[in-house]
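> Here it is, the structure in full.
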Amino acid sequence: MLNFSPSCERNQAVILAELTELLNVGQTVLEIGSLSGQHAIHFSTNIPDIKWQPTDVEENISALSQNLAEAALNNCSSPLILDVAQKHHWPVEQYEVIFTANTLHIMSWQHVEKFFENITNVCKKGALLCIYGPFKYQGQYTSASNADFQLWLQNRDINSGIRDFEKVNELAIQQGFKFVSDKKMPANNQLLTWQMV
């Protein structure tokens with residue numbers, strides 16, 4: 001598999017268990033930042049009654065397309081190019097669920113703000129927003145390893161970094177989302193869920 005992610009492989013089973021509780025038959029899911037498509041393939045295979053729409057930035061689309069084509073799943077669509085900061089990149093279709101994993105700490109904070117500004121246009125009324133990854137709370141890391149991860153991220157790209165839950169929640173609320181749940185996940189990650197009201 002191209003762009004294979006070991007961390008994605010490790011976390012997909014626990015995320016699937018949570019998504020199974022959240023998703024309903026026939027729902028459409030827009031995934032932001034699919035990379036290799038491992039989540040898209042795993043979740044589409046195990047929840048066959050949903051329709052999954054993968055996306056990623058243009059440089060990752062070729063590998064993602066190849067991986068999805070090899071999986072050949074009827075309920076997983078061909079990927080769309082999506083730069084979250086570009087309003088015209090976002091799909092015209094609306095979805096019941098928006099899912100993203102391990103993306104907010106890779107984006108710049110400006111891109112996180114644009115993510116939330118643009119996301120309302122692709123959400124049906126009552127849509128769920130599910131975000132998986134590491135977060136800080138009241139400025140504090142949840143573990144020493146996350147503090148180390150922050151250093152690694154910023155050495156790689158000074159604009160990236162583990163985000164503060166409170167700031168992300170504020171952005172979500174400003175765009176009409178209500179906070180639903182915060183599930184502690186393995187390896188010092190969280191699964192945060194909001195619902196559009």
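The values are calculated or read from the model by the stated rules, or taken from the named source; none is laboratory data. Keep in mind that this is a model prediction, so the values were computed, not measured. Don't worry about glycine lacking a Cβ; one is built from the backbone with ideal geometry, like all the others, and counts go over all protein chains shown.
> Among the residues of segment 154-171, write down those that are more than 24 Å from W194 (Cβ to Cβ), part of a helix (DSSP H, G or I) and not polar (S, T, N, Q).
R156
> What are the pairs, 6+ residues apart or on separate chains, where a residue within segment 2-30 that is charged (D, E, K, R) has its Cβ under 7 Å from a residue that is at pLDDT 95 or above and not in a helix (DSSP H, G or I)?
E18/K183; E18/L191
> Could you check how many residues of segment 42-61 are crowded, with 22+ Cβ neighbours inside 10 Å and either without any contact (Cβ under 8 Å) to a residue 12 or more places away in the chain or hydrophobic (A, V, I, L, M, F, W, C) (or both)?
Of the residues in segment 42-61, 2 are crowded, with 22+ Cβ neighbours inside 10 Å and either without any contact (Cβ under 8 Å) to a residue 12 or more places away in the chain or hydrophobic (A, V, I, L, M, F, W, C) (or both).
> Would you mention how many residues in segment 172-190 are more than 22 Å from F116 (Cβ to Cβ) and assigned to a strand (DSSP E or B)?
Total satisfying the criteria: 1.
> Take N146 and decide whether it is of a type in the set (S, T, N, Q) and crowded, with 17+ Cβ neighbours inside 10 Å. First the steps, then the outcome.
Details: of a type in the set (S, T, N, Q): yes; crowded, with 17+ Cβ neighbours inside 10 Å: yes.
Taking the combined requirement at face value, the residue satisfies it.
> Look through F149, F115 and report the one residue that is out of contact with any helix residue (DSSP H, G or I) (no Cβ under 7 Å at 6 or more places or on another chain), aromatic (F, W, Y) and under 22 Å from D83 (Cβ atoms).
On the way: F149 fails: under 22 Å from D83 (Cβ atoms).
Being out of contact with any helix residue (DSSP H, G or I) (no Cβ under 7 Å at 6 or more places or on another chain), aromatic (F, W, Y) and under 22 Å from D83 (Cβ atoms) holds for just one of F149, F115, which is F115.
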